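What follows is one structure encoded as structure tokens, with my remarks underneath.
The values are calculated or read from the model by the stated rules, or taken from the named source; none is laboratory data. The model shown is predicted, which means the values in this text are computed figures rather than measured ones. Note: ideal-geometry Cβ built from the backbone for every residue, glycine included; neighbour counts use all protein chains shown. Accessible surface areas use protein heavy atoms only, side chains included; no ligands, DNA or RNA. Shrake-Rupley method; radii C 1.70, N 1.55, O 1.52, S 1.80 Å.
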Amino acid sequence: MPPTGDPLARSYRRLLLAYPRAYRRERGEEILGLLLDGAPAGRTRPTLREAADLIRAGLRCRLGRPASSTVGVWAVLTALICGLFTAALASRVAWETSRPQPDRAEFAAVFAEAFPGHRLGEDVSTARALFVFYSQPVSRASLRGLLLGDGGEYQEGATGGSAVGLMPASEAETLATAQQRLRAAGWQVYEPTSEVLQTCADPRCDPASQPVETVLVARRGDTVLRATFEDPRSFGSYLGVELQRAAPPAVLPAAVLAGLVGGVLAWLVFAWTSRRTEDRRRAPLLLGITLFLWWAPALLSTASLAPHHFDEPHPNWHPLWEWLGQPTLSLFFLVGLATALILLATALTPRRDLHPLRISLG
């Protein structure tokens, strides 16, 4: 048996932890002996190539299915999507460190600061929660709609109001004044964007007669302002303003840490399940269904949100769960979760013994 006090032997033993425990019990001492016999005299640590080969072979051994050339790809896809889901959950929890959404007094002060001479209407709506569903706090009664069709209405709350009366200055003057005053007050002001609203479906309609919506976005600290200049003939007011909180600082580190931990744990669970279901024909089908139901909403949502983010300024990005299609397409997630649980239950049932894996050390 190799001497336990040998620093090279200790290093090799640590690297052999990449292999499953059962494999180490059966082959560990044999592999260690071969490695030590092949090492030149005086070496105290493995070479980088040896370390990489042992880790690669050990991780591949954990996946089982030696005849499969794609099991590594499925493991990475599973770990990645689970890591993203874990990161999204952690980011939602971290959102709770945010200040409450702006109240009426804060909104009125910002409105007066940015738009002097404009009269704010009495109908100012305040956010009843940090995140709302149809402008109401999420409750048990809203879970059915939230999870089964109306998940897109789960949004960050905002405090909003509109200007009333006649516009005291032109839109261009009002916009320029707002930009100047906001910058002077310490706001970071983004370049305004304009969009022609297609209110007439008839191709004979004059494009120049269509209303134009101009949006001004600014941020100061953890507060985001969004002012929309609209056609009062269509919207009843020439100016609508919203205030809401930006993502608190804890969101990003919480998401990154949770995503890494979740991804590693998901990879280990996948590897264990893969070895336990080598003789189960329905396991690949269950895995394929699960990954399709989890990845399809994420890819569709990302393809939709990415152009939207390039088209207009976003001082506060959409939350991570929206990029994953949640809770808008949460039915897909729930069905995928059910198939994943069936797959885990399959792995827990007794199986027949399989022949030992033969993994090359590279």
- Task: Tell me which residues, restricted to the stretch 67-109, are under 30 Å from Ala178 (Cβ atoms) and among the hydroxyl-bearing types (Ser, Thr, Tyr).
- Result: Ser98
- Specify the residue that is farthest from Leu285 (Cα to Cα); the eligible residues are those in the stretch 321-338 that are touching a Gly at 6+ places or on another chain (Cβ under 9 Å) and in a helix (DSSP H, G or I). Glu322
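The rows are residues; the columns are (1) in contact (Cβ under 8 Å) with a residue 24 or more places away in the chain; (2) under 30 Å from Asn316 (Cα atoms).
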{"residue": "Gly28", "(1), (2)": "no, no"}
{"residue": "Gly38", "(1), (2)": "no, no"}
{"residue": "Gly42", "(1), (2)": "no, no"}
{"residue": "Leu54", "(1), (2)": "yes, no"}
{"residue": "Arg62", "(1), (2)": "yes, no"}
{"residue": "Ser68", "(1), (2)": "no, no"}
{"residue": "Leu77", "(1), (2)": "yes, yes"}
{"residue": "Leu80", "(1), (2)": "yes, yes"}
{"residue": "Trp95", "(1), (2)": "yes, yes"}
- Message: Tell me whether the stretch 24-35 contains one or more residues that are open to solvent by 20 Å² or more (accessible area, probe 1.4 Å), modelled with pLDDT of 80 or more and outside any helix (DSSP H, G or I).
- Response: no
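Quick check on my filter: what residues within the stretch 91-115 are part of a helix (DSSP H, G or I), open to solvent by 20 Å² or more (accessible area, probe 1.4 Å) and in contact with a Leu (Cβ under 9 Å, 6 or more places away or on another chain)?
Within the stretch 91-115, Arg92, Glu96, Glu106, Ala108, Ala112, Glu113 meet the criteria.
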- Do any residues in the stretch 126-151 that are farther than 26 Å from Gly336 by Cβ have Cβ atoms under 8 Å from those of residues that are basic (Lys, Arg) and open to solvent by 70 Å² or more (accessible area, probe 1.4 Å), where the two are at least six apart or on different chains, and which pairs are they? Thr126/Arg104; Ser135/Arg128; Gln136/Arg128; Pro137/Arg128
- Item | Condition check for Leu63: within 20 Å of Trp272 (Cα to Cα), at pLDDT below 95 and either open to solvent by less than 20 Å² (accessible area, probe 1.4 Å) or within 18 Å of the chain's Cα centre (by Cα) (or both) | yes
- Per-region count, the stretch 210-248, residues under 14 Å from Ala90 (Cβ atoms) and free of Cβ contacts under 8 Å to residues at least 40 places away in the same chain: 0
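Which residues, taken from the stretch 97-113, are farther than 25 Å from His318 by Cα and in contact with a strand residue (DSSP E or B) (Cβ under 9 Å, 6 or more places away or on another chain)? So that I can check it myself, show each step before the final result.
From the stretch 97-113, those farther than 25 Å from His318 by Cα are 105, 108-109, 112-113; that's our starting set.
Across the stretch 97-113, the qualifying residues are Ala108, Ala112.
Specify which of the listed residues (Arg13, Arg45) is in contact with a Ser or Thr (Cβ under 6 Å, 6 or more places away or on another chain), modelled with pLDDT of 80 or more and either open to solvent by 70 Å² or more (accessible area, probe 1.4 Å) or part of a helix (DSSP H, G or I) (or both).
Values: Arg13 fails: in contact with a Ser or Thr (Cβ under 6 Å, 6 or more places away or on another chain).
When all the criteria are applied, what remains is Arg45.
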- Single residue of the stretch 151-199 satisfying the filter (touching a strand residue (DSSP E or B) at 6+ places or on another chain (Cβ under 6 Å) and of a type in the set (Val, Ile, Thr)) that is most open to solvent (accessible area, probe 1.4 Å): Val196
- Which one of these is under 16 Å from the mean Cα position of the chain (by Cα) and β-branched (Val, Ile, Thr): Val269, Val251, Val264? Val251
- Message: For the stretch 339-362: of the residues being of a type in the set (Gly, Ala, Ser) and more than 24 Å from Arg281 (Cβ to Cβ), which is modelled with the highest pLDDT?
- Response: Ser360
- May I ask you to list the residues in the stretch 255-281 that are small (Gly, Ala, Ser) and either modelled with pLDDT under 95 or under 20 Å from Val224 (Cβ atoms) (or both)? Ala255, Ala271, Ser274
- Query: Is there any pair with a first residue in the stretch 326-338 that is open to solvent by less than 50 Å² (accessible area, probe 1.4 Å) and a second that is at pLDDT 95 or above and among the polar types (S, T, N, Q) whose Cβ atoms are under 7 Å apart and which are 6 or more apart or on different chains, and what are they?
  - Reply: Gly336/Thr290
